[in-house]
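> Pasting in a structure now, in structure tokens, and then I'll have a few things to ask.
The values are calculated or read from the model by the stated rules, or taken from the named source; none is laboratory data. All values reported here derive from a predicted model rather than from experimental measurement. Glycine gets a Cβ as well: all are built from the backbone with ideal geometry, and neighbour counts include every protein chain shown. The accessibility values were calculated without ligands, DNA or RNA, using every heavy atom of the protein model including side chains. Shrake-Rupley method; radii C 1.70, N 1.55, O 1.52, S 1.80 Å.
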Amino acid sequence: MRMRAARMHGYKQPLQIDEVPIPEPGPGEVLVKVAATGMCRSDYQLLDGYFPVELAFPYIPGHEVAGHIAQVGPGVPASAGLAEGDMVVVDPAWGDGTCRQCHEGNEQLCTGSGGWIGFGPPGGFAEYVAVPSRHVVGIGAGVDLEPRYLAPLVDAGVTPYRGMKKLQATGRLGAGRTVIVSGIGGLGSYGVQYARLLGGGATVVAFARSEDKLAVARENGADHTINTRGKTGDQVRAELRELTGREEADGVLDCSGAPESLALNASLLAYEATLVSVGLMGQRVELPLFPFVSGERTFTGSFWGNYNDLTEVLALAGQGQITHTVTPVRLDDINDRLEALARGDVIGRQVVVFD
């Protein structure tokens, strides 16, 4: 039996659509018939050589996976409650289970021999993928969502959720406060919604460089939006003051990680405020030392999400509290759509949908 897969044959090369054998699930694994796989900017960055990972070419990327169990492999415990036909998503972080971070439940931060599907273990830009059973999450009957909406939740949905939880934990959000979500792409379109859900009544302001993306932010609950394209920090500060009555923010979720975005957002932090970055468009962060020390401001990274974060996001989705901005694409068009991602032309999330 064979399947179609989009495979890397080297860095800085287009993916090739190949016919390859369908994998056999090994001990403790399930075979997932992929229904949908989200397309992330990090997929383009993987092809471009951004990440320091070693891959055995040809290689199948793709880390936002939803589908149905096609086969349960040997040794999968009955307590897993998995059966053929079950709808599942794949928890992307495959920690080795031995390090401190794994034991804390943060397998996405594994310091041992763990990895992430689509960045080591073969990913979901294929019609089937074999997955350790403990890394699939069953979708209960109460969650009435198509796979194209489920797949992005395992990264685009969960990553800003964890970041917003970090802002919430600072205790600096709430009524009378301001939270900025910067970068309304695949992550930021969800991030605005989490600012509304977790912000405790804080005023939600969205930053982007495109009016189309800002329109999505307003649809998803932003109180105000600012187009930052071509504007100086002073101009953005003045616009923020006009919209909110304040020229600073108590929390910022930066979903791009671009140097100019981080610099702007750092300049807008109030005393004791926090800037959380979940984006990875740059290589370095440069912050003004005295304002951060004297104002007890904080910069922190937030990476992906853990199993519990994912199940919380799935619960919110099942309750109908999350809006999805998804464009379905064909596997055959994957290279063109990755280039669109690189240019910043995508609104929301593109998802490869399999028949």
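> Taking Val72 and the conditions (1) open to solvent by 40 Å² or more (accessible area, probe 1.4 Å); (2) touching a helix residue (DSSP H, G or I) at 6+ places or on another chain (Cβ under 9 Å); (3) free of Cβ contacts under 8 Å to residues at least 60 places away in the same chain; (4) more than 14 Å from Ala151 (Cα to Cα), which numbered condition does it fall short on, given that it satisfies the others?
Just one mismatch for Val72, condition (3).
> What number of residues within region 341-355 satisfy the criterion of being modelled with pLDDT of 95 or more, assigned to a loop (DSSP other than H, G, I, E, B) and open to solvent by less than 20 Å² (accessible area, probe 1.4 Å)?
The total comes to 0.
> Quickly run through region 143-177 and pick out the residues that are of a type in the set (A, V, I, L, M), surrounded by fewer than 16 Cβ atoms within 10 Å (Cβ to Cβ) and not in a helix (DSSP H, G or I). Write out each step before concluding.
Kept after step one, since they are of a type in the set (A, V, I, L, M), are these residues of region 143-177: 143, 145, 150-151, 153-154, 156, 158, 164, 167, 169, 173, 175.
Subsequent filtering for residues that are surrounded by fewer than 16 Cβ atoms within 10 Å (Cβ to Cβ) retains 169, 175.
Residue satisfying the conditions is Ala175 alone.
> Determine the pairs where a residue that is farther than 19 Å from Ala126 by Cβ and without any contact (Cβ under 8 Å) to a residue 60 or more places away in the chain, located within region 322-346, has a partner that is open to solvent by less than 40 Å² (accessible area, probe 1.4 Å) and aliphatic (A, V, I, L, M) with Cβ atoms under 9 Å apart, the partner being 6 or more residues away or on another chain.
Taking only residues 6 or more apart or on different chains, the pairs are Thr327/Val346; Thr327/Val351; Ala340/Val346.
> So, one more: What pairs can you find where one residue is in region 277-293 and free of Cβ contacts under 8 Å to residues at least 40 places away in the same chain, the other is of a type in the set (Asp, Glu) and surrounded by fewer than 14 Cβ atoms within 10 Å (Cβ to Cβ), and their Cβ atoms are less than 9 Å apart, with a gap of 6+ or different chains?
Between residues of region 277-293 that are free of Cβ contacts under 8 Å to residues at least 40 places away in the same chain and residues that are of a type in the set (Asp, Glu) and surrounded by fewer than 14 Cβ atoms within 10 Å (Cβ to Cβ), the close pairs are Gly282/Glu260.
> When region 191-205 is examined, which residues are found to be open to solvent by less than 30 Å² (accessible area, probe 1.4 Å) and touching a Leu at 6+ places or on another chain (Cβ under 6 Å)? Lay out the reasoning, then the answer.
Taking region 191-205 first, the residues open to solvent by less than 30 Å² (accessible area, probe 1.4 Å) are 191-195, 199, 202, 204-205.
Answer for region 191-205, where residues must be open to solvent by less than 30 Å² (accessible area, probe 1.4 Å) and touching a Leu at 6+ places or on another chain (Cβ under 6 Å): Gly191, Gly199, Ala202.
> Right, another one. Condition first: surrounded by fewer than 21 Cβ atoms within 10 Å (Cβ to Cβ) and either out of contact with any strand residue (DSSP E or B) (no Cβ under 6 Å at 6 or more places or on another chain) or among the β-branched types (Val, Ile, Thr) (or both). Now tell me which residues in region 327-340 satisfy that.
Those that are surrounded by fewer than 21 Cβ atoms within 10 Å (Cβ to Cβ) and either out of contact with any strand residue (DSSP E or B) (no Cβ under 6 Å at 6 or more places or on another chain) or among the β-branched types (Val, Ile, Thr) (or both): Thr327, Val329, Arg330, Asp332, Asp333, Asn335, Asp336, Glu339, Ala340.
> Also, I was wondering about something else. Sort out which residues of region 284-322 are in a loop (DSSP other than H, G, I, E, B) and within 15 Å of the chain's Cα centre (by Cα), and write them in order of number. Even if it seems obvious, please write down each step before you answer.
Applying the first criterion (in a loop (DSSP other than H, G, I, E, B)) to region 284-322 yields 284-288, 295-297, 302-306, 319-322.
Hits for region 284-322 are Ser302, Phe303, Trp304, Gly305, Asn306, Ile322.
> Give Thr232, Thr228 a once-over and let me know the one that is of a type in the set (Ser, Thr, Tyr), surrounded by fewer than 24 Cβ atoms within 10 Å (Cβ to Cβ) and out of contact with any Lys or Arg (no Cβ under 7 Å at 6 or more places or on another chain). Explain how you work it out, then say what you get.
Working: Thr228 fails: out of contact with any Lys or Arg (no Cβ under 7 Å at 6 or more places or on another chain).
Among Thr232, Thr228, only Thr232 is of a type in the set (Ser, Thr, Tyr), surrounded by fewer than 24 Cβ atoms within 10 Å (Cβ to Cβ) and out of contact with any Lys or Arg (no Cβ under 7 Å at 6 or more places or on another chain).
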